[in-house]
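Okay, so here's the structure we're looking at.
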Amino acid sequence: QLQLAESGGGAVQVGESLTLSCAVSGFTSTDNCMAWFRQTIGKEREEVARFDYGNSIRYADSVKGRFTISKDRAEKNFWLQMRDLKVEDTGTYYCAAERFWCPDKRPFQNWGQGTQVTVSS
């Protein structure tokens, strides 16, 4: 079982930047799935960025060009760098991971507990 813990959330103003961190343990090899999600009260959880097997990167259209996902070589940590934040980026951000391939037809099974990001004007 993978264990994840995210951190780095906070309160910022529109246009500012934040970087979220996720520490993950339990990978038995490199080249794994690592992803960031966010959720706001009244809305369903949405995926904002992912590393898939083979280092394929995918971003949600709403964050493309503003957010960057990155990882260390050992895949013990990965980050979500967020810039030019908007009010609509407000929410609880979660990191998630799976060994090897990312799931597309089933839920992620390994989650952090979330970190709050609040963007105000």
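Check GLY91, GLY112 and return the single one that is crowded, with 21+ Cβ neighbours inside 10 Å and in contact with a Cys (Cβ under 6 Å, 6 or more places away or on another chain).
When all the criteria are applied, what remains is GLY112.
Of all residues in the range 87-116, how many are of a type in the set (Asp, Glu), assigned to a helix (DSSP H, G or I) and in contact (Cβ under 8 Å) with a residue 40 or more places away in the chain?
Looking only at that region, the number is 1.
Under the condition of being open to solvent by 20 Å² or more (accessible area, probe 1.4 Å) and either touching a helix residue (DSSP H, G or I) at 6+ places or on another chain (Cβ under 8 Å) or assigned to a loop (DSSP other than H, G, I, E, B) (or both), which residue from the range 71-81 is nearest to GLN3 (Cα to Cα)?
The selected residue is LYS76.
Output the number of the condition that ASP84 fails; it satisfies all remaining conditions of (1) touching a residue at least 40 places away in the same chain (Cβ under 8 Å); (2) in a strand (DSSP E or B).
Tallying (1) touching a residue at least 40 places away in the same chain (Cβ under 8 Å); (2) in a strand (DSSP E or B), ASP84 fails exactly one: (2).
The values are calculated or read from the model by the stated rules, or taken from the named source; none is laboratory data. Values in this document were obtained by computation on a predicted structure and should not be read as measured data. In this analysis, Cβ positions are derived from the backbone assuming ideal geometry, glycine residues included, and neighbour counts consider all displayed protein chains. Heavy atoms of the whole protein, side chains included, go into the accessibility calculation; ligands, DNA and RNA do not. Shrake-Rupley method; radii C 1.70, N 1.55, O 1.52, S 1.80 Å.
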